[in-house]
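Here is the structure we will look at, set down as structure tokens.
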Amino acid sequence: MTELAAAKTALKTQAVETPSWAYGNSGTRFKVFAQAGVPRNPYEKLDDAAKVHEFTGVAPTVALHIPWDRVDDYGALAIHAEQRGVRLGAINSNTFQDDDYKLGSICHPDAAVRRKAVDHLLECVDIMDATGSRDLKLWFADGTNYPGQDDVRGRQDRLAEGLAEVYERLGDGQRMLLEYKFFEPAFYTTDVPDWGTAYAHCLKLGPKAQVVVDTGHHAPGTNIEFIVATLLREGKLGGFDFNSRFYADDDLMVGAADPFQLFRIMYEVVRGGGFTPEVAFMLDQCHNIEAKIPAIIRSVMNVQEATAKALLVDGDALGAAQRSGDVLEANAVLMDAFNTDVRPLLREVRQEMGLDPDPVSAYRRCGWAEAIVAERVGGQQAGWGA
Ligand code: PSV
Ligand code: MN
């Protein structure tokens with residue numbers, strides 16, 4: 001198979017998971033601008049997600065967030081998804097929105113609050129059993145604001161204890177993905193601030209515990225692709241939460257702020273053998289001012305473009321240049337791939353998959369946007385509380 005044919009095959013098997021919450025209303029702490037036609041419940045979120053998959057062909061699963069996506073019957077929700085050609089993906093826990101969690105959740109100084117948090121995580125595993133989801137995604141807002149506020153080391157012990165209980169509950173084929181974030185909402189210490197802390201806990205827990213890299217959760221200037229290379233080398237990269245940032249945790253469309261960084265990340269994924277179903281490629285974004293469904297389609301396409309460029313890196317030429325110490329040539333080989341316009345290739349890939357080559361225009365023409373505005377009248381639009 002030629003390199004181009006291999007790249008096309010890989011692009012056709014790509015899977016990007018979209019987040020249920022990206023279909024709902026979101027905003028900043030200043031204002032949430034509601035959009036007409038936004039889903040009122042998890043079923044309608046799945047209907048929208050199915051459109052993203054219909055037009056991209058590579059977004060077959062949808063991540064849920066509990067309690068935002070709480071329903072009475074998760075089996076019925078899974079069937080609803082399947083009927084629309086998608087499946088339920090990672091279950092995201094939420095231990096950051098209850099008043100009890102002011103001083104933390106799983107790391108809280110009070111054992112009763114820790115119990116409540118761990119029980120929520122165990123409930124999330126019950127939901128995974130019902131939905132058939134493989135991954136439990138854990139992000140903790142835990143931390144402190146002031147030096148001396150709590151025992152930093154003791155909080156790590158509590159974290160380890162809580163995680164171990166949840167780890168034991170995981171069934172065969174289930175995993176926990178531990179996400180890190182360097183600050184916010186805590187401003188002095190965060191209990192899982194970086195990949196090293198997440199890695200240390202996952203290593204101790206065992207093979208079902210893996211680190212998830214949210215691309216927006218690093219300090220400016222952090223070399224994320226190095227983290228990706230290292231985690232893959234250690235067999236501990238469980239997945240990504242893709243989004244992009246200019247300043248902090250901006251949750252903008254992946255590839256919008258820095259497509260070169262996304263390419264460098266995807267190159268390390270490909271180089272490290274991470275382009276497999278073992279690594280979950282998820283979006284974690286908020287579309288505050290732009291139309292949500294086309295923004296998610298655009299995000300999926302941005303991931304595809306970075307992946308295509310990464311797949312086109314001439315590995316032989318790069319290796320030869322690296323071995324001979326030809327710094328300029330090695331850099332040129334990588335930049336050649338990055339500077340390739342892969343849009344014609346992706347249009348071909350889509351046509352070969354029986355799709356419209358231009359997913360955003362196809363979506364705009366299909367009438368779904370107008371239909372949901374007309375039909376979804378009344379009720380409570382979904383947001384970060386519903
Ligand atoms: C936290 O900022 C985070 O990245 C976690 O993944 C949460 O589950 C998600 O955002 C909620 O939007
Ligand atoms: Mn995230």
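The values are calculated or read from the model by the stated rules, or taken from the named source; none is laboratory data. Predicted model only: the values in this text are computed from it and were never measured. No Cβ is skipped: glycine too gets one built from the backbone with ideal geometry, and neighbour counts run over all protein chains shown. Please note that ligands, DNA and RNA were not included when accessible areas were found on the heavy atoms of the full protein model with its side chains. Shrake-Rupley method; radii C 1.70, N 1.55, O 1.52, S 1.80 Å.
Descriptive notes on the structure:
- Estimated from helices alone, the mean residue ellipticity of the chain at 222 nm is -14000 deg cm²/dmol (sum of -39500 (n - 2.57) over DSSP H runs with n ≥ 4, per residue).
- The alpha carbon radius of gyration of the range 224-363, expressed as a multiple of 2.2 N^0.38 Å, is 1.11.
- Cα gyration tensor category, rounded, prolate or oblate, for the range 146-254 with a/c compared to 1.5: oblate
- When the Cα positions of L64, P42, A117 are compared along the charge dipole of the chain, P42 comes out farthest toward the positive end, with charges on each C-beta of Lys, Arg, Asp and Glu.
- Using the Cβ-Cβ distance between T28 and E123 with R0 set to 41 Å, the FRET efficiency works out to roughly 0.90.
- Charge-dipole axis of the chain as Lys and Arg at +1 and Asp and Glu at -1 on Cβ define it, positive-most pick from G235, F260, L346: L346
- ³J(HN,Hα) computed for each position of the range 252-269 - Karplus, 6.51 cos²θ - 1.76 cosθ + 1.60, integer Hz, glycine/proline x: 7, 4, 4, x, 6, 7, 8, x, 5, 5, 5, 4, 4, 5, 5, 5, 5, 4
- The range 111-163 - charge dipole about Cα centre, Lys and Arg +1 at Cβ, Asp and Glu -1, debye rounded to 20: 120
- Measuring r between the beta carbons of R153 and A111 and using R0 = 22 Å, the FRET efficiency lands at 0.80.
- Residues D73, D250 ordered from highest to lowest accessible area at a 1.4 Å probe: D73, D250.
- H201 accessible area, 1.4 Å probe, all protein chains in place, Å² to nearest 10: 20
- Other-chain or far-sequence residues with amide H under 5 Å of G383's (modelled H): N25
- Distant-in-sequence amide H partners of E17 (H built 1.01 Å from N, under 5 Å): F281, M282, L283
- Rounded if a/c under 1.5, otherwise prolate or oblate - the range 67-217, Cα gyration tensor axes: prolate
- Amide H to amide H, with H built 1.01 Å from N, G143 comes under 5 Å of D191, counting only residues 5 or more places away or on other chains.
- Per residue accessible area in Å² of the chain, where ligands, DNA and RNA are left out and the probe is 1.4 Å: 44
- Positive minus negative residues near G143 (Lys, Arg vs Asp, Glu; Cβ under 11 Å): -2
- Per atom type, the range 3-375 shows carbon and sulfur on 53% of its accessible surface, probed at 1.4 Å.
- Student exercise, the chain dipole from Lys, Arg, Asp, Glu Cβ charges, in Debye to nearest 20: 300
- Simple spin-label estimate for D326 and K12 in nanometres, 7 Å along Cα-Cβ: 3.4
- Considering only F281, F338, F226, the Gaussian network model of the chain with Cα springs below 10 Å gives its largest mean-square fluctuation to F226.
- Mean shadow area of the chain, taken as a quarter of the surface of its Cα convex hull (nm²): 19.8
- Accessible surface comparison of W195, W384, W68, probe 1.4 Å, protein chains only, largest first: the order is W384, W195, W68.
- Cβ-derived FRET efficiency at R0 22 Å, E370 paired with R343, nearest 0.05: 0.20
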